[in-house]
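The values are calculated or read from the model by the stated rules, or taken from the named source; none is laboratory data. Since this is a predicted model, take the numbers as computed values, not measurements. Counting neighbours? That spans all protein chains shown, and the Cβs are built from the backbone with ideal geometry, glycine included.
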Amino acid sequence: MFKKSRRKIVASIMSVLVILWVGTLGIIYSSSYFEMTKQNRQMLQTHAEMYTLSQQFDELVPPDRPKPDGDRDFKHSFDESPKFQLSTFYTVAVSYEGEILEIKNESPTIHTDEDLKKSAQSIIDGSKISGTKGNLTFYKTDKSGYILVVFMDNTVINEGAMTLFRYTLIFGSVTLVLFFFLSLFLARKIVNPLEKSYQKQKQFISDAGHELKTPVSVVNANAEMLSREIGENQWLQNIQYENERMGTLVGQLLELARTENVTLAAERIDFSRLVAGEALPFESVAFEKSLSLNTEIATNISINGNSQQLKQLVSILLDNAIRHSEKQGEIRLTLTKEHNLAKLSVINNGDEIPKEQREQLFERFYRSDTVRNSEDKHYGLGLSIAKSIVTSHKGQIEVLCFNGLIEFKVQLPTF
């Protein structure tokens, strides 16, 4: 139980850290990306506005076309910034008829004229005005006489961004590993006091049960001696009745302590035969209370466990179903095997248990009855013992409510 709590604490801490880390990186990188994309587009637009053909345009296009001209005096807020002046631009001018008018590709360059020509042609044929193509950012515009495609080389920027991203992942991963070990330490610090308190509580129950066992036996023996001396007596009968109830409670407390603290020898058990044998005497008990017990038990289901504890588990579930069933009702016990799991199910008719009470059913001394009493010699320890048995066998137990039925379902690993 406490191992699971530690794992949950570690998982919670690490989940928060990972979400914060990924969220922070996502915000930083996405903001940087959008800002860089915006600046690149503005620089490309500025370069396109300032661009003019270096050749005599009249010789390249029909005379009926208007003469386009760039504005070399076009100014932008950043056109004199080092970033703009140091950026590498490539331009491809294409006539409306698809003829290449000019390619500006100043050396040294890693892109050939042919590569720029093919890229420009695919961009002109496409619908996008701006975007990226490999390490190139492009912008397409109509210069009122020809189509101009402007490229800007982002190789250095992209390499720098990838290097930064790699180191961020490396150092972030190392930091997360360190935080993982720190969260383990914190989880132990948080859970250890609770675990010690729980162990003391279990030890107290065990010690109290053993201490009460002797006086209960003495009172019972003296009450029997008195009954022989004075015969039937109402007050003596009350003493014997209450002493018997106390003896039952002490026995259940000792059984709970033994189940939680002592690891009994495990062996291979024919669980199908065990369940069938344990269910047999409950048929008459159910019949006396006007109930029918129907069983459906698959054969040859074997598990590794302690036979005494598993018999007690079946008895607790059947006894609980019989006590809480409506009159003239039916109790169904089924045992099946699915995906290497033995699935034991006990279903009875009854009022639906509220969701907030279902987990509490397996707590010590918890009873769902509105009026708590123990006249039936049940003290709310049975289901707690059942859960301890299931947990010690590395299984799971849960309660389900549907269509006026209550189902206790147990899953145990098989061979």
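Side notes on the structure shown:
- Figure legend. Inter-residue proximity from the range 122-133: first residues without any contact (Cβ under 8 Å) to a residue 60 or more places away in the chain, second residues in a loop (DSSP other than H, G, I, E, B) and surrounded by 11 or more Cβ atoms within 10 Å (Cβ to Cβ), beta-carbon distance below 8 Å, spacing 6+ or different chains. Indicated pairs: Thr132/Asn154.
- Among the residues of the range 147-174, those identified as touching a residue at least 24 places away in the same chain (Cβ under 8 Å) and of a type in the set (Ser, Thr, Tyr) are Thr155, Thr168.
- Looking across the range 87-145, the residues that are more than 56 Å from the chain's Cα centre (by Cα) and of a type in the set (Lys, Arg) come down to Lys104, Lys143.
Each row is one residue, and each column tells you yes or no for (1) surrounded by 14 or more Cβ atoms within 10 Å (Cβ to Cβ); (2) polar (S, T, N, Q); (3) touching a residue at least 60 places away in the same chain (Cβ under 8 Å).
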{"residue": "Glu97", "(1), (2), (3)": "no, no, no"}
{"residue": "Lys104", "(1), (2), (3)": "yes, no, no"}
{"residue": "Lys118", "(1), (2), (3)": "no, no, no"}
{"residue": "Ser144", "(1), (2), (3)": "no, yes, yes"}
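- Of all residues in the range 197-240, those satisfying the criterion of being of a type in the set (D, E, K, R) and over 30 Å from Phe2 (Cβ atoms) are Glu224, Arg228, Glu229, Glu232.
- Residue within the range 320-332 that is surrounded by fewer than 17 Cβ atoms within 10 Å (Cβ to Cβ), in a helix (DSSP H, G or I) and at negative phi present: yes
- Leading residue by the ranking (nearest to Gly395 (Cα to Cα)) among those in the range 329-362 that are at pLDDT 85 or above and basic (Lys, Arg): Lys343
- Cβ separations smaller than 9 Å between residues 6+ apart or across chains give the following pairs from the range 35-60 residues that are farther than 20 Å from Asn105 by Cβ and modelled with pLDDT under 85 to residues that are among the basic types (Lys, Arg) and assigned to a loop (DSSP other than H, G, I, E, B): Asp58/Lys67.
- Of all residues in the range 212-236, those satisfying the criterion of being surrounded by 11 or more Cβ atoms within 10 Å (Cβ to Cβ) and among the charged types (D, E, K, R) are Lys213, Glu224.
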